[in-house]
Amino acid sequence: MARPFIERHRAQTIDTVELLRGRYGNPVFGVVPVWSVIEMLAHVVDRVDPALMNVSQEIHVLQMLEGLRAENADESLLLTALLHDLGKVLDLVGEDPAYIGGTNEPIGDYEPGVGLDRCVFQWNHDEFGYSRFAGRVPDHVGWLIRYHSTNPSKCLHLMDDRDRDYYERYWKDFNRVDGASKSIHVVPETRITDYRAIIEEAFPEPIPF
């Protein structure tokens, strides 16, 4: 079932990316508390991710948070876990799953070391989420939101010093826990409301989403 979505995701062109950027340049849900978007994850299923099948994104986020806490991750990574898949709420407005899920790779050829921000990647929930949180979170949190679904084998040579620093310090462990914590069998021991204080502290005011 996921294969057609994955094939369309891989077939994206720069024109596709520009179209999607234009489509979502304005708020989709209005100016809302970030916590209200977190609550939407209970109604979102990633139809492109076979590791989760019909498990909601809220369950996935809880599984990941518990995995990070077991490794004593700092609070900025807990914040990232809460935010990283919020772009998937586009499923609730009927967006094609090919433009929500999937692994991202650069479109076109770029000079080595140019920096990921100067490359055009396939568009999915990463870029939508980043467009909402850029400038509102610590730099490495925004970077992780934007690039957590990238295929490193396709872009390591493009990274600049900032990218490599964040890749080594944050992406490797974050990505490992993201993948390893996914399960259709493990029931989280915590509830999403247990993490509300992290969101309320980071976002005391509503934001355009």
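A few remarks follow.
- In the range 18-36, the residues that are part of a strand (DSSP E or B) reach residues that are open to solvent by less than 90 Å² (accessible area, probe 1.4 Å) with C-beta atoms within less than 8 angstrom, at least six apart or across chains, in these pairs: Val31/Pro206; Val31/Ile207; Val31/Pro208; Val31/Phe209; Val32/Pro206; Val32/Ile207; Val32/Phe209.
- Of all residues in the range 86-109, exactly one satisfies the criterion of being open to solvent by less than 10 Å² (accessible area, probe 1.4 Å), part of a helix (DSSP H, G or I) and more than 19 Å from Gly142 (Cβ to Cβ), namely Ala98.
- The range 177-192 - residue that is in a helix (DSSP H, G or I) and either farther than 24 Å from Ser131 by Cα or touching a Gly at 6+ places or on another chain (Cβ under 7 Å) (or both) and, of those, least open to solvent (accessible area, probe 1.4 Å): Val177
- Comparison of Leu62, Leu83 shows that the only residue that is over 23 Å from Ser153 (Cα atoms), open to solvent by less than 50 Å² (accessible area, probe 1.4 Å), touching a Lys or Arg at 6+ places or on another chain (Cβ under 8 Å) and not hydroxyl-bearing (Ser, Thr, Tyr) is Leu62.
- Residues within the range 110-168 that are open to solvent by less than 10 Å² (accessible area, probe 1.4 Å) and of a type in the set (Asp, Glu), tallied: 2
- Scanning the range 43-58 for residues that are out of contact with any Leu (no Cβ under 8 Å at 6 or more places or on another chain) and among the hydrophobic types (A, V, I, L, M, F, W, C), we see that the one that is most open to solvent (accessible area, probe 1.4 Å) is Met53.
- Subset of the range 11-53 (residues that are at pLDDT 95 or above and of a type in the set (Lys, Arg)): Arg21, Arg23
- Residue within the range 27-36 that is open to solvent by less than 50 Å² (accessible area, probe 1.4 Å), under 25 Å from Asp173 (Cβ atoms), in contact with a strand residue (DSSP E or B) (Cβ under 7 Å, 6 or more places away or on another chain) and among the aliphatic types (A, V, I, L, M) present: yes
- Scanning the range 117-161 for residues that are in contact with a strand residue (DSSP E or B) (Cβ under 8 Å, 6 or more places away or on another chain) and aliphatic (A, V, I, L, M) yields Val120, Leu158.
- Considering the range 193-209, and only residues there that are open to solvent by less than 20 Å² (accessible area, probe 1.4 Å) and not in a loop (DSSP other than H, G, I, E, B), the residue that is nearest to Gly135 (Cα to Cα) turns out to be Ile207.
The values are calculated or read from the model by the stated rules, or taken from the named source; none is laboratory data. In this text the structure is predicted, and so the values were computed from the model without any measurement. In this analysis, Cβ positions are derived from the backbone assuming ideal geometry, glycine residues included, and neighbour counts consider all displayed protein chains. Areas reflect the complete protein model, heavy atoms only, side chains present, ligands, DNA and RNA absent. Shrake-Rupley method; radii C 1.70, N 1.55, O 1.52, S 1.80 Å.
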